[in-house]
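The values are calculated or read from the model by the stated rules, or taken from the named source; none is laboratory data. Bear in mind that the values here come from a model prediction, so they are computed numbers and not experimental data. Don't worry about glycine lacking a Cβ; one is built from the backbone with ideal geometry, like all the others, and counts go over all protein chains shown. Accessible surface areas use protein heavy atoms only, side chains included; no ligands, DNA or RNA. Shrake-Rupley method; radii C 1.70, N 1.55, O 1.52, S 1.80 Å.
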Amino acid sequence: EDLFQVADLMQPIARRQKVSRVLVGAVLGSLFFEASTRTRVSFGAAFCRLGGSVCDTTGFTFSSMAKGESIYDTSRVMSGYVDALVVRHPEQGSVAEFARATHIPVINAGDGPGEHPSQAILDLYTLQREFSRLGKLVDGTHVAMVGDLKYGRTVHSLFRLLALYRGLKFTLVAPPSLEMPSHLIELVARNGHVVEVTPSLENGLRGADVVYATRIQTERLAGETVEGYTPEFQIRKALVDAVCKPDTVLMHPLPRD
Ligand code: ASP
């Protein structure tokens, strides 16, 4: 919430109504070993808007990892050149490995099916702004999470972040093979929240204050087919009108399928 206050102050800078050069001379190292549009460009644009510079590599092909260099060595070498690293990598836990190898700040921009913390922070920021317009609080909210909850890292991070609030109800709607990992459900339930799992979109969305949908993470499925992910799974206006409230907030981290 402290970060959100700073984000509010920085809105005019993002819109170029104000100029800030607090990062003049600073260099961000941006290492994206997996596909990205929003996360990669938004980190880079934010750093540039504050007067800093960005050095980046994208994909394995254009880094020395293609020559077999380890995460440890890559991280050590990069930290000689840049002041902070933002890293996306297909393996869960890999960004923590980058961080362990260096003393500079390392930001997780997505570690495979693990976590996507910056997305969760901006989702919460968006939600709080929307709720303050609607006169609602995050405490006590009913959040429906829909789609690939097994491999979807954005929902993992958002689920954990929202669990820091009080008395939420979560309905988790996923095809049978793509359910939320049980250790996350246990963690959130231990924090005193109600967590219900259902394969039915209609039941899961009924009465929700927030619907957070995610795509099937096909790049993690290695050819497996997803049973039960039928067109009935799509979030259509008719269903939202029938089972949600007029002020239900619909969210998606994109890309949508
Ligand atoms: N852009 C998000 C991510 O990188 C969501 C997605 O790809 O489905 O995790």
Task: Protection proxy ranking of 40-48, 134-142 - average other beta-carbon atoms within 10 Å, highest first - done: 40-48, 134-142
Task: Listed peptides 179-185, 114-120 by packing density, highest first (mean Cβ within 10 Å) - done: 114-120, 179-185
Open item on the list: Only helices at least 20 Å long along their own axis, judged from Cα atoms, and with Kyte-Doolittle mean hydropathy of -0.5 or greater: name those in the chain from DSSP H.
Closed with: 117-134
Task: Shape category assigned to the stretch 187-235 from the gyration tensor of Cα positions, a/c cut at 1.5 - done: oblate
Task: Peptides ranked, highest mean first, by Cβ atoms within 10 Å: ranges 76-84, 223-231 - done: 76-84, 223-231
Task: Volume in Å³ per residue [convex hull over Cα atoms, computed for the stretch 165-257] - done: 113
TODO: Mind listing the long-range amide H neighbours of GLY52? Cut-off is under 5 Å, sequence gap 5 or more, other chains count too, H placed in the peptide plane at 1.01 Å from N.
DONE: LEU23
Open item on the list: Tell me the carbon and sulfur percent of the accessible area for the stretch 119-257, rounded to whole percent, probe radius 1.4 Å.
Closed with: 53
Task: Gain upon complete extension [GLU227, ALA35; 0.36 nm per residue less C-alpha separation] - done: 66.6 nm
Task: the stretch 1-111 shape via C-alpha gyration tensor axes, a/c threshold 1.5 - done: prolate
Open item on the list: Over the chain, what is the relative contact order in percent, taking alpha-carbon pairs closer than 8 angstrom and at least six residues apart?
Closed with: 13
Open item on the list: How much accessible area per residue does the chain have, counting only protein heavy atoms and a probe of 1.4 Å, in square angstrom?
Closed with: 53
Task: Residues of type lysines that LYS136 reaches as a straight line, Cα spacing below 16 Å, ignoring anything fewer than 8 places off in the same chain - done: LYS169, LYS245
- [ ] Taking amide H positions as placed in the peptide plane 1.01 Å from N, state which residues far from VAL249 in sequence (5 or more) or on other chains have amide H under 5 Å from it.
- [x] VAL210, VAL211
Open item on the list: Using a Förster radius of 45 Å, what is the FRET efficiency between LYS245 and LEU9 based on their Cβ-Cβ separation? Nearest 0.05, please.
Closed with: 0.90
- [ ] Please list, or write none, the aspartates and glutamates whose alpha carbon is within less than 20 Å of the alpha carbon of LYS237, excluding same-chain residues fewer than 8 places away.
- [x] GLU130, GLU202, ASP209, ASP247, ASP257
